[in-house]
1. Could you count how many residues in the stretch 202-226 are in a helix (DSSP H, G or I), out of contact with any Lys or Arg (no Cβ under 8 Å at 6 or more places or on another chain) and surrounded by 15 or more Cβ atoms within 10 Å (Cβ to Cβ)?
2. Could you identify the single residue in Gly292, Gly274 that is without any contact (Cβ under 8 Å) to a residue 24 or more places away in the chain, of a type in the set (Gly, Ala, Ser), over 20 Å from Gly363 (Cα atoms) and outside any loop (DSSP other than H, G, I, E, B)?
3. Would you pick out the residues in the stretch 141-156 that are outside any loop (DSSP other than H, G, I, E, B), crowded, with 24+ Cβ neighbours inside 10 Å and not β-branched (Val, Ile, Thr)?
4. Under 15 Å from the mean Cα position of the chain (by Cα), aliphatic (A, V, I, L, M), closer than 28 Å to Ala333 by Cβ and modelled with pLDDT of 95 or more, is that true of Leu99?
5. Is one or more of the residues making up the stretch 52-60 touching a Phe, Trp or Tyr at 6+ places or on another chain (Cβ under 9 Å), modelled with pLDDT of 95 or more, of a type outside the set (A, V, I, L, M) and outside the structural domain of Arg294 (by TED's automatic domain parsing)?
6. So which residues in the stretch 157-180 are of a type in the set (A, V, I, L, M, F, W, C) and part of a loop (DSSP other than H, G, I, E, B)?
7. Do you know which of the residues in the stretch 286-301 that are touching a helix residue (DSSP H, G or I) at 6+ places or on another chain (Cβ under 9 Å) and not polar (S, T, N, Q) is farthest from Leu11 (Cα to Cα)?
8. For the condition crowded, with 16+ Cβ neighbours inside 10 Å, farther than 25 Å from Arg218 by Cα and either in the same structural domain as Ile207 (by TED's automatic domain parsing) or in contact with a Ser or Thr (Cβ under 9 Å, 6 or more places away or on another chain) (or both), what is the one hit in Gly118, Gly67?
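The values are calculated or read from the model by the stated rules, or taken from the named source; none is laboratory data. The structure presented is a predicted model; accordingly, all values stated were derived computationally and were not measured. Here Cβ is always computed from backbone atoms with ideal geometry, including for glycine, and neighbour counts include all displayed protein chains.
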Amino acid sequence: MSFLPTTPRLLLGPGPSPVLPRVLEAMTAPQRSHLDPDMLALLDDIRRRLHGLFNVSAEGIALAVPGTGSSGLEAAVANVVQEGDAVLCVVTGYFGDRLAQVCQRYGANVTRLAGEWGRAIDPEAVRTALQHASFKAVTIVHAETSTGVLQPVQAVAALAREHGPRIIVDAVTSLGAHPVDVDGWGLDVVYSCSQKGLGAPSGFAPIAFNAASRAAARSRSFYLDLPLLEGYWIKRGYHHTISTPLVYALYEALCVIDEETMEARSARHARVHGEFVAELAEMGLSLLPPEGERLWTLNTVRIPERVTDEAKVRIALRDTHGIEIGAGLGPLAGKIWRVGLMGAGATSENVATLLSALKQEIG
């Protein structure tokens, strides 16, 4: 008896996102070991493409940490935050809180700058916090997956540069869909994941360090230590046994992005998001964040009062229509649905398919 799935499912939740057939097919290429010349050539090309995607200079570094986006989060913190460091953590949702928790686990003295779930942080609140205390680092989530909010990272980074702390940015739900610009925005460390905007399976966390943060990186973690990771990706020394099929998939997904171009890809995500919002309005539904603070990739739909059992609707979408969407987290549980339109999943056809099913279930 096999437990492998046999029926397709349209993944329109907060991640993973749909994977193109050509990316899945890439995973079936012949196996290579982690130090095979073919594998090392692939890693060089992946680094080149990630440098362009993050827009980080050759003096900085971009590579992919094995693991999910959470491994990228921990790698960012582990290489920048030392025990006793004062860190300002912007917390406006579940993943901002997770960043703060990881900083605390690494011994940082964390100050939480809390904001309303469903709203972007006011940069002036960050300015005030930086004026009243000295910090080694500032953390912020660019695309808060729990609330559907796009944070003003560029403005916050400008304030960090004025006051000195490094800035760590979570781009898990924005890279590959929204613009992300390490050097142009003055960011120090930015991490993401492979299974959302990039359109690959889960298993890698792309991460970029600017030149200064790369030079200063030091970590108590062996597995996530940047110089040791560089020792494998660049200097060809053994560090870990990388997953060959996942390398193939990430490479192919990055090729897809370069073929489409990030300009066209961002425009596609913006267009599909706009179509979704307009169709929701015709159904009498709305999003949690106000216009101007919304992600294109992750849409938090307010559950209408006429729906008394939101879980029943999600289960019906999954079991009857073959569509997966996400539930609310934390204080938003039972109040929103989280709909992902990212990577290969950001299409007009998927919007139409989802809304047709939703109309059948809620009227």
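1. 2
2. Working: Gly292 fails: outside any loop (DSSP other than H, G, I, E, B).
Result of the check over Gly292, Gly274: Gly274.
3. Within the stretch 141-156, Ala143, Glu144 meet the criteria.
4. Spelling it out, Leu99 is indeed under 15 Å from the mean Cα position of the chain (by Cα), aliphatic (A, V, I, L, M), closer than 28 Å to Ala333 by Cβ and modelled with pLDDT of 95 or more.
5. Looking through the stretch 52-60, at least one residue is touching a Phe, Trp or Tyr at 6+ places or on another chain (Cβ under 9 Å), modelled with pLDDT of 95 or more, of a type outside the set (A, V, I, L, M) and outside the structural domain of Arg294 (by TED's automatic domain parsing).
6. Correct list: Ala171, Val172, Ala177, Val180.
7. Once the filter is applied, the top-ranked residue is Glu291.
8. Result: Gly118 is the single residue among Gly118, Gly67 that is crowded, with 16+ Cβ neighbours inside 10 Å, farther than 25 Å from Arg218 by Cα and either in the same structural domain as Ile207 (by TED's automatic domain parsing) or in contact with a Ser or Thr (Cβ under 9 Å, 6 or more places away or on another chain) (or both).
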